[in-house]
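The values are calculated or read from the model by the stated rules, or taken from the named source; none is laboratory data. As the structure is a computational prediction, the values presented were derived from the model and not from experiment. Cβ coordinates were reconstructed from backbone atoms using ideal geometry, including for glycine residues, and neighbour counts include every protein chain displayed. When the accessible area is computed, the model is the full protein with side chains, heavy atoms only, and any ligands, DNA or RNA have been set aside. Shrake-Rupley method; radii C 1.70, N 1.55, O 1.52, S 1.80 Å.
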Amino acid sequence: MGRRLRVWMAIALLAVSGASLLLLPTQNARACGFSLPAPNARALYLAMAERALDDDDALLATRSLGFVTLGSSAAAGDDPLIELRRTTIASKLAVRAATNHQLAATSASTGRHAGAVTPPPTPQELKAATKALRAVAQTRQRSPRSLTDLAEALALDPAGHAEAKTILEDLARRDLITSAFGWAALARLRAAQGDVVATRAALSRCAQMTRTADVCQAKTGAEPVPHTPPPGQLGRPAAS
Amino acid sequence: MRHWLVWLSCLAWLASLLGCDQTDSTTTAATTTNTSGDVTRGRQLLVDYQCGRCHDARFAKIDDGGDKACLGCHTAIIEGRADLPPRHAWPRDDERERAQHWDEHLVNMRYAPSLRGPATLMRPEWLVEFLRRPHDIRPRLGASMPRLALSEQDARDMVAAMIDGERVEPFFADQAIADYRRALPPMPAGAVKAGRALFIEKGCASCHSFSGVLESSEAIPDRRLSRAMTLAPDLRHTRERYRPMLLVPWLLDPRYHKPDASMPTLPLNYAEARHLAAFVMQAPLAEIAAAPTPARLPLLQREVRYDEVHREVFGEVCVHCHSEPDLELGDGGPGYSGGFGYVARNVSFASYEAVFGGRLGDDGRFTSLFELRPDGTPWLVAVLLARQREQRGEYGPLKGMPLGFPAVSPEQLQLVESWIAQGRLR
């Protein structure tokens, strides 16, 4: 091999070695800077939609949910957790719309319900929403939140009343009903069985968990439950 | 000429294979292994218990892209190395504003001691006990070692792993080595008094408190303090923590024993180091009265709603570890998704509904956070009270919350108790 060629080979080898020092991945990223992820816009809109849903503001919830997929460059299933959350909220929107329409119809004579602001879902849409919430409950290890949402949907259909009541009574016994809407659904189920005392108890819990008067209504025609407990009923657990 | 060029190239190529390796690779003949623990198991435990969330350690790497390397991220923010996302789409904040915003929110977890090197300086039995019953030894550091679900054998194995392969030999090879292979040699008369004078003259008190010996102002975590001042331990604990024979070598050159030590190398000669060691190890310690139990304030008569409790307590303290994975890139924090060796408990404080969702038990069933314990205290209040007891050194079966952080204030506890008693109003 010629002398000149060997020199050029050595220089090339040196150059490659030097470049590899720059290109090899580091074993400890801590020495080489941190890059924090940008806020997840879809997660922010989901949170906004959920808060609106909890405040029974269906219009804002629907708009916020729309932003979750708007402008997304990836397919809907690219983030399973975001998609699961979106499905949950969309299904709850349908359930709440159906509930509000039922309540508005029931309360038409008393004027105790402000009326529904979004159109009611079709029976097929409601069925699909219930099915979706059942799947969510399975995915979420039958967490109290997912079961409360499922029971709220089941309570809209007479065929689902028994299952809904079983779920909600069990959650109520363990103090795990996670929303005012869940308590309201339980109140209506108890009212349907004529249990006035238990209905009032459920409505009272419902009132504590919401800022919206229309949520806590049951068919017995019971008087509206105050949002806050009467004065003098604050108690302290026994001292530890 | 041609031959040395070829050899040089080969050597350069071999050197390039080392990459940006931050792991400790230096071991000397003077290393030690702790035979009372299983080193291999201990290394795995350091990973399983996610020590790398807070500590820089050889065998506790968190290999997930850095999301769970909490302190690594915090340090990068403090040092201006983090690539921070903009807070607003428009108008976009400039980099300096962004860095300031993030830095201002880092209060308690700004620094943590690394696990490189110090294990060899310490008494292994103290380390084992500390891992199982951590207590505050760094008064200026708001956060403290969290209480983990460690058995004694787990702790022994982890200590063995921390010690394994670290250098212990003092760096000077003279008669001092022979002295310090034994226990702390008898000090000359007046050494403690001389050491006290040196302690003040050398400025040690500017970082270290020495409770029970020297009066110091109340140590309050302050985000403006340097790493050295934040991590400087209360020297009251040194005689329990340190191997006596290694304190003098440490004082003479801290960074020889711990390359990333914040403690500066003071201008000390051998005799001065001995006097300082005598002062730290042998100065009479006054009893420190146990911190009084914080007053449990009466329930508030005014209405307390969720927004206030979230603003003052849940959002301020709890949500950093107890959030929702859906909204946090798949990780709801150790309190929801699991971490620090704890399994996922699905406890979230991210929203009103979430708080009612309870916690997941080992039997797969959920229980309410407000379930009354046998003494009538709601579980949530009980864990907050347990943390107060842990800070006084009382460790019960209930893990105190917040884990590894100062207990909530009496006012915060009052707010939570009042909210619960009033029916947990929305």
Quick check on my link table: of B:Lys68/B:Lys258; A:Lys127/A:Lys165; A:Lys131/A:Lys165, which ones sit more than 29 Å apart, alpha carbon to alpha carbon? none
With no solvent term and unit scatterers on the alpha-carbon positions of the stretch B:208-367, Debye gives log₁₀ I(q)/I(0) at q = 0.19 Å⁻¹ of -1.14
Return the sequence-ordered ³J(HN,Hα) values of the stretch B:286-299 in whole Hz as given by the Karplus equation 6.51 cos²θ - 1.76 cosθ + 1.60 applied to θ = phi - 60°, using x for Gly and Pro. 6, 5, 9, 5, 4, 4, x, 5, x, 4, 8, 6, x, 4
Only protein chains counted, 1.4 angstrom probe. Which residues of the stretch B:297-339 are at least 50 Å² less accessible in the assembly than when their chain is isolated? B:Leu299, B:Asp326, B:Leu327, B:Leu329
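Using only alpha carbon pairs under 8 Å that are at least six residues apart, calculate the relative contact order of the stretch B:193-306 and give it in whole percent. Let's see the in-between values first.
Details: 96 pairs, mean separation 39.1, N = 114.
It comes to 34 percent, rounded to a whole number.
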Quick one: pull the percent of accessible area on the stretch B:245-394 belonging to carbon and sulfur, 1.4 Å probe, ligands and nucleic acids left out. 56 percent
Surrounding net charge for B:Glu390, when Lys and Arg each add one and Asp and Glu each subtract one, Cβ distance under 15 Å: +4
What are the principal axis extents of the Cα atoms in the stretch B:98-149, in Å, biggest first? 44, 23, 20
Set the Förster radius R0 to 45 Å, insert the Cβ-Cβ distance between A:Thr122 and B:Ala344 as r into 1/(1 + (r/R0)^6), and round the FRET efficiency to 0.05. 0.75
Amide H to amide H, which residues 5 or more places from B:Lys399 or on other chains are under 5 Å from it, using H placed in the peptide plane? none
Cα-based reach from B:Lys193 at 15 Å (exclusive), listing aspartates and glutamates while leaving out same-chain residues under 8 positions away: B:Glu201, B:Glu272
Residue by residue, what Karplus-based ³J(HN,Hα) values in Hz, rounded to whole numbers, does the stretch B:336-352 have, using 6.51, -1.76 and 1.60 with θ = phi - 60° and x for Gly and Pro? 10, 8, x, x, 6, x, 8, 7, 5, 10, 6, 9, 10, 10, 6, 8, 4
Under the rule of at least 5 residues apart or a separate chain, name every residue whose amide H is placed under 5 Å from the amide H of B:Phe366. B:Gly361
Whole-Hz ³J(HN,Hα) from phi, Karplus 6.51 cos²θ - 1.76 cosθ + 1.60, for the stretch B:261-276, glycine and proline x: 4, 7, 5, x, 7, 7, x, 10, 9, 4, 5, 5, 4, 5, 5, 4
All aspartates and glutamates inside 16 Å of A:Lys92 as judged from Cα atoms, apart from same-chain residues fewer than 8 positions distant: A:Glu50, A:Asp54, A:Asp55, A:Asp56, A:Asp57, A:Glu83, A:Glu125, A:Asp149, A:Glu152, A:Asp157, B:Glu353
Based on the Cβ-Cβ distance from B:Tyr270 to B:Leu398, what FRET efficiency comes out when R0 is 60 Å, to the nearest 0.05? 0.75
What FRET efficiency comes out for the pair A:Leu44/B:Ser36, r = Cβ-Cβ distance, R0 = 51 Å, nearest 0.05? 0.50
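Roughly how much accessible area, to the nearest 100 Å², goes out of reach of solvent when B and A pair up, both sides summed, probe 1.4 Å?
Counting both chains, the buried surface is close to 5600 Å².
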Using only Cα atoms, what is the ratio of the radius of gyration of the stretch A:120-215 to 2.2 N^0.38 Å? 1.03
